[in-house]
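S.K.: Pasting a structure below so you can have a look.
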Amino acid sequence: MRKGTIVENLNAVRERIVACCNACGRDPAAVTLLAVSKTRPAEDLRAAYGAGQRHFGENYLQEALEKREQLADLDICWHFIGPLQSNKTRAAAEGFHWVHGVDRLKIAQRLSAQRPRQMPPLNICLQVNIDREQSKSGVAPEEVESLATAVARLPNIALRGLMAIPAPGETAEAQRWPFVQMAELLQRLRRCLPDQPLDTLSMGMSGDMEAAIESGATIVRIGTDIFGARG
């Protein structure tokens, strides 16, 4: 996609975020736009960076590591948002600032052990299967508290909050309902783990971003509305 289109799209998404926050009484600065750049060439990320974008999310580890090399001159905050296999945790621990899809203690333990000591703690979000879909990754809602308690004890990582990819809702109310449940889960975790920096709800994509923001999302993951549909 040409540079101008990416910049225009990025600005349009930012305007949507501001408009939604103003409508629901939230500070737009409380919502971080995460540009989902999987399958996109490095030059597309560079164009978005030139327009002020700093947070980028990648689903495929090897592809992401190649882009990090190509864009090493840029001060990018890298988020890994795809499923993470245990044999890939070292690369994630060494190469990213955030990992959003942790749903097993084993993965968190490996990320903790493999995070280089000279680096800041790795920011972690637990992925919740809020709709209980069999085809999706994520911990069941009733198991979030026990997993979070175990993860919070690990060194070299910072448990920041929760992440979800709900099933598409056909109405605004159907879109909001799982996001409201996620916000309630995070509030329960804060009471259970008051010493943890539980400030993050990673939820909402191009089609349901407004519903997520209205429900308390602090990170929205936008790909198509910035970079266009994948070929």
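The numbers here are math on the coordinates, done by the rules we state, and not lab data. What you see is a predicted model, and the numbers here were worked out from it, not measured in a lab. Cβ sites come from the backbone with ideal geometry, for glycine too, and all protein chains shown count toward neighbours.
S.K.: If I model a spin label at Ser137 and Glu15 as a point 7 Å from the Cα along the Cα→Cβ vector, what separation in nanometres do I get?
M.R.: 3.5 nm
S.K.: Can you list residues whose amide H is under 5 Å from Leu122's amide H, if they're 5+ apart or on another chain and H is modeled 1.01 Å from N?
M.R.: Under 5 Å from the amide H of Leu122: Ile157, Ala158.
S.K.: If you average 1/r over every pair of different alpha-carbon atoms in the chain and take one over that average, what Kirkwood value in Å do you get?
M.R.: In the chain this quantity evaluates to 17.9 Å.
S.K.: How high is the relative contact order of the range 3-226, in percent, counting Cα pairs under 8 Å that sit 6 or more residues apart?
M.R.: Rounded, it is 20 percent for the range 3-226.
S.K.: Once phi is turned into θ = phi - 60°, what whole-Hz ³J(HN,Hα) does the Karplus curve with 6.51, -1.76 and 1.60 give for every residue of the range 22-35, x standing for Gly and Pro?
M.R.: 4, 5, 10, x, 10, 7, x, 5, 7, 10, 8, 8, 9, 7
S.K.: Which cross-chain or sequence-distant (5 or more) residues have an amide H under 5 Å from the amide H of Gly223, H modelled 1.01 Å from N in plane?
M.R.: Those lying under 5 Å, H to H, from Gly223 are Val36, Ser206.
S.K.: Take the alpha carbon gyration tensor of the range 134-231, find the square roots of its eigenvalues, order them as a ≥ b ≥ c, and report rounded if a/c is under 1.5; if not, report prolate when a/b exceeds b/c, else oblate.
M.R.: prolate
S.K.: Would you mind classifying the range 65-151 by shape? Square roots of the alpha carbon gyration tensor eigenvalues, ordered a ≥ b ≥ c; an a/c under 1.5 is rounded, otherwise it is prolate if a/b is larger than b/c and oblate if not.
M.R.: Note, shape of the range 65-151 comes out prolate.
S.K.: Please report how many Lys pairs in the range 3-226 have alpha carbons closer than 27 angstrom, counting only residues at least 8 apart along the chain or sitting on separate chains.
M.R.: Going through the range 3-226 pair by pair, I get 11.
S.K.: Next question, about the same structure. Return the single residue from Gly95, Gly50, Gly25 with maximal mean-square fluctuation; model: Gaussian network over the chain, springs between Cα atoms under 10 Å.
M.R.: Gly25
S.K.: A further question on this structure: Rank His55, Gln118, Thr218 by how far each Cα sits towards the positive end of the charge dipole of the range 3-226 (+1 on Lys, Arg Cβ; -1 on Asp, Glu Cβ) and give me just the farthest.
M.R.: Gln118
S.K.: Next up: Could you work out how far apart the two model spin labels at Ala167 and Arg153 are, taking each label as a point 7 Å from the Cα in the direction of the beta carbon, and quote it in nm?
M.R.: About 3.6 nm, to one decimal.
S.K.: Here is a follow-up. Quick one: compute the contact order of the range 5-122, relative version, from alpha carbon pairs under 8 angstrom and 6+ residues apart, as a percent.
M.R.: Normalised by residue count, the contact order of the range 5-122 is 18 percent.
S.K.: Let me ask something additional. In whole Hz, what ³J(HN,Hα) sequence does the range 138-144 give by Karplus (6.51, -1.76, 1.60; θ = phi - 60°), x for Gly and Pro?
M.R.: My calculation for the range 138-144 gives x, 7, 5, x, 6, 9, 4 Hz in order.
S.K.: Of the residues Val13, Val128, Val220, which exhibits the maximal mean-square fluctuation in a Gaussian network model of the chain defined by a 10 Å Cα contact cut-off?
M.R.: Answer for the Gaussian network model of the chain: Val13.
S.K.: Quick one: go through the range 121-136 and flag any residue whose amide nitrogen is under 14 Å from the point 7 Å out along the Cα-to-Cβ line of Val180.
M.R.: Residues passing the 14 Å test: none.
S.K.: In debye to the nearest 20, how big a dipole does the range 3-226 give about its Cα centre with +1 on each Lys and Arg Cβ and -1 on each Asp and Glu Cβ?
M.R.: 760 debye
S.K.: Give me Arg188, Arg117, Arg46, Arg110 sorted ascending by neighbouring Cβ count inside 10 Å, so fewest comes first.
M.R.: Arg117, Arg188, Arg46, Arg110
S.K.: Where does the range 1-71 land on the Kirkwood hydrodynamic radius, alpha-carbon pairs, in angstrom?
M.R.: Answer for the range 1-71: a Kirkwood hydrodynamic radius of 13.1 Å.
S.K.: What nm distance separates the two modelled labels at His97 and Asp199, each placed 7 Å from Cα along Cα→Cβ?
M.R.: Taking the simple label geometry, His97 and Asp199 are separated by 1.3 nm.
S.K.: Follow-up question, since we're still on this one. At a Förster radius of 35 Å, what calculated FRET efficiency corresponds to the Cβ-Cβ distance of Tyr49 and Asn22, to the nearest 0.05?
M.R.: Result of the calculation: an efficiency of 0.85.
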